[in-house]
Amino acid sequence: MRSGPAAGHDGILHEAAFYDSDEQFLAVVLPFLRDGVAAGEPTVSLFGERNQDLVRKAMGTDSGVVFIDGGPHYLRPAVAIKRHRQMLSDYVAAGAVQIRIAGDVPHPGVGVPWEWWARYEAAANEVYDDFPMYGLCPYDTRTAPPQVLEQARRTHTHLVSADGRREASSTYQEPRDFLANAVTPWTQPLEAQPPLVELRDPEVGQARRAVIALQATALLADDDLNGLVVSTSEAVTNGLLYGRGPVLVRAWAVPGRIVVTVTDRGPGPADPAAGLLPGPGPGGLGLWLAHQLCAYVSLRRGPDGFTLALVAGESVA
């Protein structure tokens, strides 16, 4: 039987908390973790380095909590979902009736664009709902921008205060409603400059060669370049097969970074959560691969049609 606020609840219970001091952070997180351990449930702390250190010191050694480094786990949303689902599946296979996970996703306050993490927080309510997951997502009001805090209230069904009070979020939206209307696409600043590459209805090989040629400027790591080339191939193929022509490919490069945008006149994927999981529809697998291989992916819908923006390199700032 599930314990705590999730008792009697099916699927995921997804809570957000807001804090403005280390003391408030611990006041929210420690009871959540301790109650999970006391109930004999798999209990996971999945924070970035600073918050993880706070939790480790407060919990002490042999606490029974599983500590996972949030940095590599939350590198990309599609990767996080894949790892989360495998972890949840393993715990359920071992007999768990509830799994507690507390963690913090990246946002602009720590130097990471928000768009695909907003999509992640909304999609979590669906992609983890076939598991008995009890998730707590604390947000630091000292660093998280107002838009992030407002959208956290719209992507979590319940809110938790530092004194332990819980209430249903009055602004919560169903994932697909939120994803269809609420997420502002992020634009890489480099796109304000004239593109180094502009191709109209290119063959896939032509687009690949154009991206590879930018390596002389960008000098990316081999894995970054190869991931971008594969993702560009998939994006161009999807645009030619499933979009509405013309398909326009633009690309920019500076040392350490390449940005590629692929635009067609169609509406884009019907599923607003496309790319976070391998979708069954046209182009779903290619979009999912791009979300795993690129440093950042942005989905944009506008008067000119649908644009998939792909970023590769060490920085997306």
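The values are calculated or read from the model by the stated rules, or taken from the named source; none is laboratory data. Keep in mind the model is a prediction, meaning the values are calculated, not measured. We place every Cβ from the backbone using ideal geometry, glycine too, and count neighbours over all the protein chains shown.
In the set (1) under 18 Å from the mean Cα position of the chain (by Cα); (2) at pLDDT 95 or above; (3) within 20 Å of LEU277 (Cα to Cα); (4) of a type outside the set (S, T, N, Q), PRO175 fails one condition alone, (2).
Counting only strands (runs of 3 or more DSSP E) that sit wholly inside segment 212-317, those with at least 1 residues that are of a type in the set (Asp, Glu) and over 22 Å from the mean Cα position of the chain (by Cα) are 257-264. Each residue in segment 175-228 was checked for being small (Gly, Ala, Ser) and more than 20 Å from ALA295 (Cβ to Cβ), and 3 of them qualify.
Among the residues of segment 92-105, is any part of a helix (DSSP H, G or I), outside the structural domain of ARG300 (by TED's automatic domain parsing) and surrounded by fewer than 22 Cβ atoms within 10 Å (Cβ to Cβ)? Among the residues of segment 92-105, at least one is part of a helix (DSSP H, G or I), outside the structural domain of ARG300 (by TED's automatic domain parsing) and surrounded by fewer than 22 Cβ atoms within 10 Å (Cβ to Cβ), which makes the answer yes.
Got at least one residue in segment 160-178 being touching an Asp or Glu at 6+ places or on another chain (Cβ under 7 Å) and hydroxyl-bearing (Ser, Thr, Tyr)? No - not one qualifying residue is present in segment 160-178.
Taking ALA180 as the residue in question, decide whether it is in contact with a Gly (Cβ under 8 Å, 6 or more places away or on another chain), closer than 26 Å to VAL127 by Cβ and part of a helix (DSSP H, G or I). Against the criterion (in contact with a Gly (Cβ under 8 Å, 6 or more places away or on another chain), closer than 26 Å to VAL127 by Cβ and part of a helix (DSSP H, G or I)), ALA180 does not qualify. Scanning segment 19-40 for residues being touching a Gly at 6+ places or on another chain (Cβ under 9 Å) and among the acidic types (Asp, Glu) gives a total of 1.
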